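Worksheet: the structure to be examined is printed underneath.
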Amino acid sequence: MQQPLIALVDCNNFYVSCERVFRPDLINKPVAVLSNNDGCIVARSQEVKDLGIKMATPVYKVQHLIKRHKIHLFSSNYTLYADMSQRVMQCLEAFSPQVEVYSIDESFLDLTGVCENNSHSYGLAIRNKVYQTTGITVCVGMAQTKTLAKLANYAAKKWHKTGGVLDLSNPIRRNKLLKITPVDEIWGIGRQTAKRLHVMDIHTAYDLAMQSPESIQKQFNVVIARTVMELNGTACLALEDIQVDKQQIVCSRSFKRRLTDYQELSEALASFTRTATEKLRKQNSVTSSVTVSIRTNPHNPEEPQYQRSISSTLAHATNDTRQITCIAKRLLREIYKPGYRYQKCGVQLGYIHNKVTPNQSDLFSLVTEDNSEPLMQVMDKINQQFPKAIKLSAEGLTNTWQIPVEYLSQHYTTDWSELAVVKCH
């Protein structure tokens, strides 16, 4: 029987790399990408990491480092990142008959029987092709299981001598890496689980691999027991051909300035609801539950504090933006209180199931499936080609609640008016 070979291909500092593709002058210079409201650092180049700046650090706390080391800041440009991600994934499909897109910047590939005995060269070919096609640098970790492939990728990034490619199929090489890898670097081992393992004198990946799966399952759960088996080369996690539909969709945001006006808060919520329902329709699903939440800034004890959430169960499941927005605004009206400075609001869609699941129609609704589905399809198609070209009147015309971000780069790959300009002398 042929030995399985799974590869994890992970983009290096993905958001930063996307910005550098169109700004090559920033290569080897400190670059950081900020959150939606430019409040926190969500992606760092290696130069920024070397300065000791941690993930999710508020920008105001490191202003002195930003000025001293001339760190280049970018606002999150998710349109650009999503398009670049799609290009990377399309490139990877040429190297494997089965690809599982795990996140925006990483994918698992089934290389069983594909690269025979020359896996390292095959991994280098993947790196070179992705870089040549997209300008994005990736690392490739290979092994018999997904957990080991994750570990191999971790080592390929950490040690430059690997050339960005590492195959752990060899048991001697695998055990050598396991012995020097902290247990909390293992995929699926969280901070609290790691603390419990340390109490049991389990400090490295090798220590965990030497445990009995049965014993670990009794003390933890079946997930950790499977991790033990995967570390020993027994595959327990199969590649997913089809991405599993989300059972819950949440869209929320912290505001750059505090909102006190109900109308502004309502318009922001309507915008978040449109985004959530677009995601719902993208996976061909409907929802039967809507939850709305609002809160003030919990980190400012000098201000009056208020936090509430409220839910509503729908009599008839839907993915119509109009219906869900009306429900969300009604819920907001019930929990909104004047006199507070709101920092965040959001909407959550629950009880999600596939649209083809039998569902009782509402005989008294003015919005029927006959007029809802075609309209939503047209809206989504237009907005895919021209982002946010169509929105509901509930979102307002001015978006005064949304302060423009300061460091947004161009939409180089999705907007004709913002294409990169090349000058030849």
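Filter segment 169-221 for residues that are part of a helix (DSSP H, G or I) and under 21 Å from F108 (Cβ atoms) and give the result. Across segment 169-221, the qualifying residues are R173, R174, L177, L178, E185, A205, A209.
Against the conditions (1) among the hydroxyl-bearing types (S, T, Y); (2) over 24 Å from G164 (Cβ atoms); (3) surrounded by 17 or more Cβ atoms within 10 Å (Cβ to Cβ), Y60 satisfies every one except (3).
Set side by side, the residues Y336, Y351 differ, and just one is among the hydroxyl-bearing types (S, T, Y) and modelled with pLDDT of 95 or more, which is Y336. From the list T227, T287, T260, the lone residue that is closer than 30 Å to A389 by Cα, buried (at least 18 other Cβ atoms within 10 Å of the Cβ), β-branched (V, I, T) and touching a residue at least 40 places away in the same chain (Cβ under 8 Å) is T287. Within segment 55-92, the set of residues being on the phi > 0 side of the Ramachandran plot and touching a strand residue (DSSP E or B) at 6+ places or on another chain (Cβ under 7 Å) comprises A56 only. So, of the residues in segment 376-410 that are of a type in the set (A, V, I, L, M, F, W, C) and without any contact (Cβ under 8 Å) to a residue 12 or more places away in the chain, which turns out to be farthest from T79 (Cα to Cα)? Result: L397. Taking segment 130-149 as the range and being within 17 Å of E93 (Cα to Cα) and more than 24 Å from the chain's Cα centre (by Cα) as the test, only Q132 passes. Of the numbered criteria (1) surrounded by fewer than 17 Cβ atoms within 10 Å (Cβ to Cβ); (2) in contact (Cβ under 8 Å) with a residue 24 or more places away in the chain; (3) on the phi > 0 side of the Ramachandran plot, the one N13 fails is (1). Screening segment 150-179 for residues that are closer than 15 Å to H120 by Cα and of a type in the set (S, T, N, Q) and picking the one that is nearest to the chain's Cα centre (by Cα) gives N153. Just checking, does segment 396-404 include any residue being surrounded by 10 or more Cβ atoms within 10 Å (Cβ to Cβ), at pLDDT below 75 and hydrophobic (A, V, I, L, M, F, W, C)? Yes, segment 396-404 has at least one match. Does any residue of segment 242-249 turn out to be more than 23 Å from K355 (Cβ to Cβ) and either part of a strand (DSSP E or B) or out of contact with any Cys (no Cβ under 6 Å at 6 or more places or on another chain) (or both)? No: segment 242-249 contains no residue that is more than 23 Å from K355 (Cβ to Cβ) and either part of a strand (DSSP E or B) or out of contact with any Cys (no Cβ under 6 Å at 6 or more places or on another chain) (or both).
Given the structure, is Y122 hydroxyl-bearing (S, T, Y) and within 30 Å of A268 (Cα to Cα)? Considered against the rule, which asks whether it is hydroxyl-bearing (S, T, Y) and within 30 Å of A268 (Cα to Cα), Y122 comes out as no. If the condition is being closer than 30 Å to L26 by Cβ and among the hydrophobic types (A, V, I, L, M, F, W, C), then segment 110-152 contributes L124, A125, I126, V130, I136, V138, C139, V140, A152. For Y412, the conditions (1) modelled with pLDDT under 85; (2) under 30 Å from V59 (Cα atoms); (3) under 23 Å from the mean Cα position of the chain (by Cα) are fulfilled apart from (1). Just one of (1) in contact (Cβ under 8 Å) with a residue 24 or more places away in the chain; (2) within 24 Å of M376 (Cα to Cα) fails for S312. It is (1). Residues to consider are L124, L92; find the one that is surrounded by fewer than 16 Cβ atoms within 10 Å (Cβ to Cβ) and modelled with pLDDT of 95 or more. None of the others qualify; the one that does is L124.
The values are calculated or read from the model by the stated rules, or taken from the named source; none is laboratory data. Since the structure is predicted, the reported quantities are computational estimates derived from the model, not experimental observations. Here Cβ is always computed from backbone atoms with ideal geometry, including for glycine, and neighbour counts include all displayed protein chains.
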